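For reference, the structure is listed below as structure tokens.
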Amino acid sequence: AIIVLDYGSQVSRLITRRIRECYVYSELVPASTTLAELQAKDHLDIKGFILSGGPSSVYDEDAPSCDPAILHSGLPVLGICYGMQLMAQQLGGHVELKHGTREYGPATIEVVADAEQDYATYRIFEGLKPSPEQTTHLDRPAQHTPLRLPVWMSHGDSVDRLPEGFKVLATTESNPVAVIAHPKGMIGFQFHPEVTHTPQGKELIKNFLFRVCGCEASWTPEKVIDETVERIRQQVGKERILCALSGGVDSAVAALLVHKAIGDQLTCMFVDTGCMREGEGEQVAETFRNHLHIPLVAIDAEERFLGKLAGVTDPERKRKIIGEEFIRVFEEEAVKLATEQGKISFLAQGTLYPDVIESTSHDTANTAKRIKTHHNVGGLPEEMVFKLVEPLRMLFKDEVREIGLELGLPEEWVWRHPFPGPGLAIRVIGDITKEKLDILRKADKIVIDEIRRAGVYRELGQAFAVLTPIQSVGVMGDGRTYGNLVAVRAVTTGDFMTADWARLSPELLARISNRLVNEVHEINRVVYDITSKPPATIEWE
Ligand code: XMP
């Protein structure tokens, strides 16, 4: 494994992802993690370290540092930006404090290393291609020209004296120390190889992994599945386990992994809140029961949910009611199941690595937490205290998708847009009735069908219809209509924290609009939402 120490850069987890894309296992750990702590983890066969960038200056009062044992472990270390400055300083070099001046944005590094000998010693630049600008304006043969690479810079301070044994391998116009290296595999990049603005960043990371650290590309989806299955078997033994499916990819893949590990000791549960999309419950049942052959308890709780939601217009109250009611239904059904078929000890959840990283506790992997799902009075019957199984807790979303495909989850499911827990309840603006939900279900299906037909579904982060309480005058045939306004929302996004409205083609928008007003009688006007996030949010409520 390659351990990435997180110094707080917004792109730290991108480093981890880049490494994993090369089929090398990587974990992101807090900067304060010690070598001893890492060595105590049996599942880590550490081949090297990366110190990420971060917002600090090494001269800040509470600047995060690095366990010296890591820097002296003899294992390769790649310091990126702050990570390079920290490494240089801790090993006896010096960092120049710059007030207010920053090198930010695109830059070009020029490799000053005496090519042949240094390439063989440090290996980090092996196989890299000169930038296109260099190949088109060559006045000398390529092998005699120093390699120039476009990179992305973002830093204030810079290293101005090297630690002993280090050498400068590359400079930029404004920075004489852009890349440093020690023959023992210690390397510093002042730029960011992990971002796409550094076109050959991935090649540099690959060189570090395979040429400097000697990693093997063996962390494949099949290997992940095998390891996870083994871990689940050990954790769960002969006990029974329950998994709540949401219709999304995470809970489905978690269930598939558990099922592969322990078969029918797993029972899946799907609660239909009445706020699901057209055909959603049926699809879950069909796929799990008939296609994947996994036992499924499907619960129709529409009346219960809609009863609780009647007359409620405040979005946050809608969310709270649905969240609480869900837990109640889930518990009641779990108690029933346990009474009928025997004690259930475990609950499987689709927690992903980013949630784990965010909760800062990195040390709970593989250990079951005892939780109660019960939040109302009286406490839970003894047999309802679950231990948690989280098969995806070391995986990013893309990795979960890859594993889902590998395990036979239908492609359509694997690539589904995320759908909020409260479902259509937060897409019917104002109070919710079954009639309104039915209108929205029809509208939503048309929007998604047309987007799929146009072949742009996968490019979008999310797309849906919103039913507004606005009514407006229209004319249809010879008659006046007074119908509902439906908004169409489609966004492109990487992480759902920010998003842009999708530039759907006018033809596609026209088809959606035509079908909406022709096929859903209650709708007589369609608008397209052209706000980005921020300032708007993706959902309307
Ligand atoms: P917003 O509307 O905040 O949405 O831009 C960002 C992402 O979160 C989803 N979302 C929710 N998911 N429960 C959920 O499980 C919720 O209450 C909820 N509200 C928003 C939204 O669909 C989008 O993917």
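Taken together, 322, 299 contain a single residue that is in the same structural domain as residue 230 (by TED's automatic domain parsing), assigned to a strand (DSSP E or B) and out of contact with any Lys or Arg (no Cβ under 6 Å at 6 or more places or on another chain), which is 299.
Restricting attention to the stretch 308-320, the residues that are surrounded by fewer than 18 Cβ atoms within 10 Å (Cβ to Cβ) and within 29 Å of the chain's Cα centre (by Cα) add up to 5. Scanning the stretch 461-486 for residues that are crowded, with 17+ Cβ neighbours inside 10 Å and of a type in the set (A, V, I, L, M, F, W, C) yields a count of 7. Of everything in the stretch 410-436 that's aromatic (Phe, Trp, Tyr) and within 16 Å of the ligand (Cβ to nearest atom), which residue is surrounded by the fewest Cβ atoms within 10 Å (Cβ to Cβ)? Looking at residues that are aromatic (Phe, Trp, Tyr) and within 16 Å of the ligand (Cβ to nearest atom), I get 415.
For residue 446, are the conditions met, namely being closer than 23 Å to residue 506 by Cβ and either crowded, with 19+ Cβ neighbours inside 10 Å or not assigned by TED's automatic domain parsing to the domain that holds residue 514 (or both)? Yes: the conditions hold for residue 446.
Okay, residues lined up against (1) part of a helix (DSSP H, G or I); (2) within 16 Å of the ligand (Cβ to nearest atom); (3) at pLDDT 50 or above; (4) hydrophobic (A, V, I, L, M, F, W, C):
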residue	(1), (2), (3), (4)
350	no, yes, yes, no
363	no, no, no, no
376	no, no, no, no
404	yes, no, yes, no
408	no, no, yes, no
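Among the criteria (1) in contact with an Asp or Glu (Cβ under 7 Å, 6 or more places away or on another chain); (2) closer than 21 Å to residue 304 by Cα; (3) of a type in the set (D, E, K, R), the one residue 435 does not fulfil is (1).
Every listed requirement among (1) in a strand (DSSP E or B); (2) more than 26 Å from residue 95 (Cβ to Cβ) is met by residue 50 save one, (2).
Criterion applied to 253, 258, 195, 224 was being within 20 Å of the chain's Cα centre (by Cα) and crowded, with 24+ Cβ neighbours inside 10 Å, and the one residue passing it is 253. Counting only helices (runs of 4 or more DSSP H) that sit completely within the stretch 57-132, those holding 3 or more residues that are surrounded by 15 or more Cβ atoms within 10 Å (Cβ to Cβ) and in the same structural domain as residue 187 (by TED's automatic domain parsing) correspond to 82-90, 115-122.
The values are calculated or read from the model by the stated rules, or taken from the named source; none is laboratory data. Just so we're clear, the structure is a prediction, and the values are computed from it rather than from any experiment. FYI the Cβ positions are ideal-geometry reconstructions off the backbone, even for glycines, and counts take in every protein chain you see.
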